[in-house]
Amino acid sequence: MPPHNAAPDPEAVGLCFTCRWKRALTSRRGSTFFRCARAETDPRFVRYPPLPVRSCSGYEEAMLYVVLNHYTQPLAAVDAVRAKHLEYLERYAREGVFYAWARRDPPIGGVIVALVPDRATLEAILAQDPYIRAGVARAELVEFHAANVRGALRT
Ligand code: SF4
């Protein structure tokens, strides 16, 4: 699949954007590449299918999560790494992992909506969060089924 700069349009990627077999990689130059992990074991699929994919027998919907971040340090300590945290969120939005996020009100933490193949993948991604790495927040994961999702989350 060709690279996408900035935020890829889910319509331009098609089914792959919300498929649990999608793997995304963002280069240092900010280009995002999407590949099909099914192609590694099944010759019916190609590693980089032409986009957008509108029909695919291998499509399986990824899992949805709400991530509740709980700040564990004073807000000043959280804000000291907030810029890096926001960069991290934007990077994974480009890869079709994070769909929405916000600081909670009152500011006791944050909320992130994520779409991933499984819990282990999300945990690995969250371990890279500058908030977690700096020890200023902990993450609580809430998994739910995507039956009633609308809009950009459902291509
Ligand atoms: S299985 Fe199909 S929809 Fe899923 S990532 Fe591969 S090509 Fe895309």
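The numbers here are math on the coordinates, done by the rules we state, and not lab data. Quick caveat, the model's predicted, so the values are computed rather than measured. Counting neighbours? That spans all protein chains shown, and the Cβs are built from the backbone with ideal geometry, glycine included.
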Could I have the simple spin-label model distance between Ala77 and Leu25, label points 7 Å from Cα toward Cβ, reported in nm to one decimal? 3.7
Quick check: pseudo-label points 7 Å beyond the Cα along Cα→Cβ at Ala127 and Glu87, how many nm apart are they? 2.2
Among Gly135, Val66, Leu86, whose Cα projects farthest towards the positive end of the dipole of segment 63-153, with charges put on the beta-carbon of Lys, Arg (+1) and Asp, Glu (-1)? Leu86
Between His145, His85, His70, find the one with the highest GNM mean-square fluctuation for the chain; connect C-alpha pairs within less than 10 Å. His145
Between the Cα axis of helix 82-94 and the main Cα principal axis of the chain, the angle (0 to 90°, nearest 10) is 10
Average projected area of the Cα convex hull of the chain, in nm²? 9.5
What residue among Ala137, Ala93, Ala77 has the largest mean-square fluctuation in a Gaussian network model of the chain, using Cα springs under 10 Å? Ala77
Around Asp129, under 12 Å between beta carbons, what's the net of Lys plus Arg minus Asp minus Glu among the other residues? +3
In debye, nearest 20, what is the charge dipole magnitude of the chain about its Cα centre with +1 on Lys and Arg Cβ and -1 on Asp and Glu Cβ, if you could check? 340
Relative contact order of segment 41-155, defined on C-alpha pairs under 8 angstrom at six or more residues apart (%): 38
Whole-number percent relative contact order across segment 1-60, with pairs defined as alpha carbons under 8 Å at least 6 apart: 42
At 7 Å along Cα-to-Cβ for each site, give me the label-to-label distance between Ala12 and Ser55 in nm. 2.5
